[in-house]
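S.K.: My questions will all concern the structure given below.
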């Protein structure tokens, strides 16, 4: 199972969603996607791993993927455009209309995410 915990305004809601999902799981089968797009995933000086909802359910997590916040004017815009167009990384990178630098930035993000996924012991 995959779940997102995002920083910023939605942190509490997504953390509660993770907690609810973890309560339904009997095994170590959750991949947490830590999304820093809207801000760091921390509250009151605590990092995700220090928060009660995460600590109480850590044994259910088989791994995490961090979607790091990058330059919003370049990487952020490229990823946002890809999502808005409802394209996969492969489709967006193959899109002939995209400038070469946008394609390269999407390749960097994809490689980073895929490398993290490959390290998770499914």
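Computed from the coordinates by the stated procedures, all read-outs in this text should not be read as laboratory data. As the structure is a prediction and not an experimental result, all values here were calculated from the model. Here the Cβ is made from the backbone with ideal geometry for all residues, glycine too, and neighbour counts use every protein chain on show.
S.K.: Over the chain, calculate the relative contact order: mean separation of alpha carbon pairs under 8 Å at least 6 apart, over the residue count, as a percent. All intermediate terms of the calculation are to be shown ahead of the outcome.
M.R.: Details: 157 pairs, mean separation 29.3, N = 122.
In percent, rounded to a whole number, it is 24.
S.K.: Report the residue, chosen from 90, 39, 63, that carries the largest GNM mean-square fluctuation when the chain is represented by alpha-carbon nodes joined by springs under 10 Å.
M.R.: 90
S.K.: Starting from the Cα gyration tensor of region 1-69, take the square roots of the eigenvalues, sort them a ≥ b ≥ c, and report rounded, prolate or oblate (rounded when a/c is under 1.5, otherwise prolate if a/b is larger than b/c, else oblate). Before the final figure, lay out the partial values.
M.R.: Numbers: a/c = 1.85, a/b = 1.51, b/c = 1.22.
Judged from the Cα gyration tensor, region 1-69 comes out prolate (a/c at least 1.5, a/b above b/c).
S.K.: Could you check which residue among 71, 35, 57 shows the biggest mean-square fluctuation in a GNM of the chain with a 10 Å Cα cutoff?
M.R.: Fluctuation is largest for 71.
S.K.: By how many degrees, between 0 and 90 and to the nearest 10, does the Cα long axis of helix 100-118 differ from the longest principal axis of the chain?
M.R.: For 100-118 against the chain, the angle is about 30 degrees.
S.K.: Separate question: Which one is right for this structure if Kirkwood radius over Cα pairs in Å is calculated from it: [x] 15.5; [y] 14.3; [z] 16.1?
M.R.: [x]
S.K.: Any idea what the alpha-carbon Rg over 2.2 N^0.38 Å comes to for region 70-122?
M.R.: Working: Rg = 11.6 Å, N = 53, 2.2 N^0.38 = 9.9 Å.
Taking N as the residue count of region 70-122, the ratio is 1.17.
S.K.: Fully extended, how many nm does the chain gain between residue 77 and residue 94 (0.36 nm per residue separation, minus their Cα-Cα distance)? Please report the intermediate quantities before stating the final value.
M.R.: On the way: separation 17, 0.36 × 17 = 6.12 nm, distance 1.73 nm.
Extending this stretch completely gives an extra 4.4 nm.
S.K.: Give me the extension gain from residue 101 to residue 49: residue separation times 0.36 nm, minus the current Cα-Cα distance, reported in nm with one decimal. Please report the intermediate quantities before stating the final value.
M.R.: Details: separation 52, 0.36 × 52 = 18.72 nm, distance 3.51 nm.
Stretched out fully, the residue 101 to residue 49 stretch lengthens by 15.2 nm.
S.K.: Quick check: the angle from helix 11-24's long axis to the longest principal axis of the chain, C-alpha only, nearest 10 degrees?
M.R.: The angle comes out at about 60 degrees.
S.K.: Take residue 62 and residue 119, extend 7 Å from each Cα along the Cα→Cβ direction, and tell me the distance between the two endpoints in nm.
M.R.: Here the answer is 1.7 nm between the modelled labels.
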